[in-house]
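Okay, here's the structure, questions in a sec.
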Amino acid sequence: MRCPYCSENDSKVIDSRASDGGAAVRRRRECTSCKSRFTSYERVEKTARLMVIKKDGSRVPFNDQKILSSIQAACGKRPISEERKLEIVRDVEEIVHRDFEREVHSLEVGRQVARLLRETDHIVFVRFASEYESFESIEDVEEAIQELKNMPPPVEGQNELFTEP
């Protein structure tokens, strides 16, 4: 590792620990030449990129930022924490990398996002589903809402708008 202070190419590791939820390793280093200390981060590079097959048949690399931006758009001003949004993105990424080796259909990615949003907030779910499912009529929206009403009662603290009294 090259020292950022003197550009010497020799340093020793003083401390290592997992960072970013285990996705990276944080290393505290000391330059053997100038004795300056600095921090480096190492991330695992995924050699086989997962490709997403879009509705039109084209293939693009899996991009977790696209998932996050679609979740943020669906959330709007709903009281969903950024941490929960990032947790959903991580969960979806973990699922598709675990269940699909090289390619995954965008519909499957959308299904996973919708499932996790349904468990999080019903309004956000309907907003996301209206884009993902390409609702074409008010009946399509009503059907999605009816499915939500037929779900088991939500966990305490979850939006209770669709539960029966």
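In whole Å and largest first, what semi-axes does the C-alpha gyration tensor of the chain yield when each eigenvalue is scaled by 5 and square-rooted?
Value: 43, 20, 12 Å, ordered largest first.
Given the Cα-Cα distance of Arg111 and Lys77 and 0.36 nm per residue of separation, how much length would full extension add, in nm?
10.0 nm
Still on this model: Which FRET efficiency value, to the nearest 0.05, do you get for Arg17 and Arg49 by plugging their Cβ-Cβ distance into 1/(1 + (r/R0)^6) with R0 = 25 Å?
Taking R0 as 25 Å, the efficiency between Arg17 and Arg49 is 0.35.
Right, here's the next one. Grab the other residues whose beta carbon is less than 14 angstrom from that of Gly76, score K and R as +1, D and E as -1, and report the net.
Residues near Gly76 contribute +1 overall.
Rounded to the nearest 5, what % of DSSP beta bridges with both residues in the chain are antiparallel?
85 percent
Still on this structure, please answer the following. So, by mean Cβ neighbours within 10 angstrom, what's the order for 118-128, 76-86 with the highest one leading?
Descending mean neighbour count gives 118-128, 76-86.
Could you tell me what % of all Cα pairs in region 24-109 have separations over 19 Å?
56 percent
Every read-out reported here was derived from the displayed coordinates using simple, explicitly stated rules and does not represent laboratory data. Note that the structure is a prediction, hence the values are computed from the model and not measured. Cβ coordinates were reconstructed from backbone atoms using ideal geometry, including for glycine residues, and neighbour counts include every protein chain displayed.
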